[in-house]
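Student: A single structure is presented below for examination.
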Amino acid sequence: SKDAPSIIGYAVIHLEHSFSNAVIKHVVVDTPYRRSGVGRRLLTIAQRWALEHDIRQLFIETQTQNYPSIQFCQSCGFTFCGFNDQVFPNNDIGIYFGKSAR
């Protein structure tokens, strides 16, 4: 039905227990809802979750070729903190942005 709830976005977070860090692997927002604050809200929820689970640092992983994602990370207060040239099967370089979860 038209009024049935639907998923308009989600985030995938990988917890790294040994370092008390979490890596946000994906932030996905359905096309009609992009640029409306849904992605930013998902990151706010992720940060709240991190606080509740004693996570020290949140990271976001993205690709060097994904300029909109890089802009989004920076606009949400994440700062560049590293890269990995072995993370993506298409040989793109993975870059990381970090933010204190506290």
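The values are calculated or read from the model by the stated rules, or taken from the named source; none is laboratory data. Here the structure is a predicted model, which means the values were calculated and not measured. Here Cβ is always computed from backbone atoms with ideal geometry, including for glycine, and neighbour counts include all displayed protein chains. Surface accessibility is based on the protein's heavy atoms, side chains included, excluding ligands, DNA and RNA. Shrake-Rupley method; radii C 1.70, N 1.55, O 1.52, S 1.80 Å.
Student: Could you tell me how far the Cα centroid of region 39-57 sits from the Cα centroid of region 60-79, in Å?
Tutor: 17
Student: Largest first and to the nearest Å, give the Cα extent of the chain along each principal axis.
Tutor: That works out to 44, 34, 24 Å along the principal axes.
Student: Provide the net charge surrounding VAL87, with neighbours chosen by a C-beta distance below 14 Å and charges set as Lys +1, Arg +1, Asp -1, Glu -1.
Tutor: Numbers: positive: LYS25; negative: GLU61, ASP85, ASP92.
Charge balance in the 14 Å sphere: -2.
Student: OK, next. Once neighbouring chains are kept in place and the probe is 1.4 Å, which whole percent of the accessible area of the chain is contributed by carbon and sulfur?
Tutor: 52
Student: Here is a further query. For GLN63, what is the net charge nearby, where nearby means another residue's Cβ is under 13 Å from its Cβ and Lys, Arg count +1, Asp, Glu -1? Intermediate results must be reported in sequence, preceding the final value.
Tutor: Details: positive: LYS25; negative: GLU61, ASP85, ASP92.
Charge balance in the 13 Å sphere: -2.
Student: Among ILE24, ILE45, ILE70, whose mean-square fluctuation peaks in a Gaussian network model of the chain (Cα, cutoff 10 Å)?
Tutor: ILE45
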